[in-house]
Amino acid sequence: MELNRFRGTGTALVTPFTQDGAIDEARFVAHVEDQIAGGVEFLVPCGTTGEAATLSADEQKRLIGLTVEAAQGRVAVMAGAGGNRTDEVVDRARAARDAGADAILSVSPYYNKPTPSGLYRHYESIANAVALPIFVYNVPGRTGSNIAPETLFRIAEIDNIRGVKEASGDVEQVMTIIADRPAGFLVISGDDTLTLPLIAAGADGLISVVANEAPAMTSDLVRAALAGDLPQARELHYRLIRLMTANFIESNPVPVKAALEMMGRGQAHYRLPLAPLQESNSEALRQALLQAGLI
């Protein structure tokens with residue numbers, strides 16, 4: 001798989017649900033089409049924004065298959081397959097491969113807080129089981145532990161570990177990874193708000209929440225930044241910055257789903273333990289959408 005297909009913007013896809021909690025497949029496929037029409041380079045189903053923690057193994061495989069089928073090779077698919085039980089993650093990664101995914105994004109194990117050795121063996125097990133590019137996902141705010149650069153570099157020695165989605169929020173850490181990474185190892189921002197400075201420092205792109213609402217603006221921002229057109233990238237960054245922030249006014253993906261409903265792109269249904277956006281936060285989200293010109 002050509003790694004340049006993962007250089008640019010990937011959308012961390014929401015998973016639409018019906019009122020009774022089933023996956024709304026028609027809405028999901030329509031959303032995938034919206035993203036492709038908006039110019040994103042790749043799609044990321046079944047991640048945090050897709051409420052993967054509440055998806056069964058069969059649902060996860062079905063969503064990945066729907067993404068692959070809808071994309072029809074027009075864009076790449078990097079499927080989420082993570083968890084805190086290595087054997088189960090291996091099974092889900094194999095299922096993602098069988099569903100047609102081009103690469104795997106695997107969040108570091110949460111709650112059990114593995115040692116560096118445990119992290120290495122975890123990713124080694126996934127890489128040995130699935131001959132696809134594997135991207136590490138570091139998001140300490142969700143997992144409770146950080147993958148330090150020295151640990152990541154050891155993991156990167158595994159043949160098909162090909163990059164990292166870095167969402168630590170630690171700019172110094174990300175710059176250390178960019179500076180010292182092995183050749184061909186992609187560093188992808190996992191924070192919408194930090195994407196412009198991280199690409200200016202040498203990052204390769206973004207896996208984005210805000211692209212769900214604004215795929216064209218987000219992908220234009222990233223392309224401009226990668227091309228060194230900082231005035232254009234800066235203009236789009238500040239047009240989207242309020243929405244990027246509002247998307248985390250409550251736990252992701254609660255606000256982004258509420259925003260899509262405000263935009264007329266489906267109803268905002270969630271699976272417990274997530275609950276609908278609090279009314280007190282609705283106006284701030286609406287104002288952010290207005291500033292971005294999305295409603």
Handout entry: Members of segment 8-41 found to be among the small types (Gly, Ala, Ser) and surrounded by 14 or more Cβ atoms within 10 Å (Cβ to Cβ), listed by number
Key = Gly8, Gly10, Ala12, Ala30, Gly38, Gly39
Exercise for the section: Search segment 264-286 for residues that are open to solvent by less than 50 Å² (accessible area, probe 1.4 Å) and pair each with any residue that is of a type in the set (Phe, Trp, Tyr) and not in a loop (DSSP other than H, G, I, E, B) when their beta-carbon atoms are under 6 Å apart and the residues are at least 6 apart or on different chains. Expected result: His269/Phe17
Completion exercise
If we keep only residues of segment 112-142 that are over 24 Å from Val75 (Cβ atoms) and assigned to a loop (DSSP other than H, G, I, E, B), then the residue least open to solvent (accessible area, probe 1.4 Å) is Pro114
Exercise for the section: Kindly list the number of the only condition in (1) under 18 Å from Asn4 (Cα atoms); (2) surrounded by 20 or more Cβ atoms within 10 Å (Cβ to Cβ); (3) out of contact with any Ser or Thr (no Cβ under 6 Å at 6 or more places or on another chain); (4) not aliphatic (A, V, I, L, M) that fails for Gly184. Expected result: (2)
Handout entry: Test result for Leu226, farther than 22 Å from Pro45 by Cβ and surrounded by 16 or more Cβ atoms within 10 Å (Cβ to Cβ)
Key = yes
Handout entry: Selection within segment 62-111 - open to solvent by 40 Å² or more (accessible area, probe 1.4 Å) and of a type in the set (S, T, N, Q)
Key = Gln72, Asn84, Thr86
Fill in the blank from the handout: Just one listed residue, out of Leu285, Leu198, Leu260, is hydrophobic (A, V, I, L, M, F, W, C), closer than 24 Å to Glu172 by Cβ and touching a helix residue (DSSP H, G or I) at 6+ places or on another chain (Cβ under 7 Å), and it is Leu198
Fill in the blank from the handout: Gly82 passes all but one of the listed conditions (1) without any contact (Cβ under 8 Å) to a residue 60 or more places away in the chain; (2) touching a Pro at 6+ places or on another chain (Cβ under 7 Å); the exception is number (2)
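The values are calculated or read from the model by the stated rules, or taken from the named source; none is laboratory data. Since we're looking at a predicted model, the values are computed, not measured. Methodologically, a virtual Cβ is constructed for each residue, glycine included, from the backbone with ideal geometry; neighbour enumeration extends over all protein chains shown. For accessibility, only protein heavy atoms count, side chains too; no ligands or nucleic acids. Shrake-Rupley method; radii C 1.70, N 1.55, O 1.52, S 1.80 Å.
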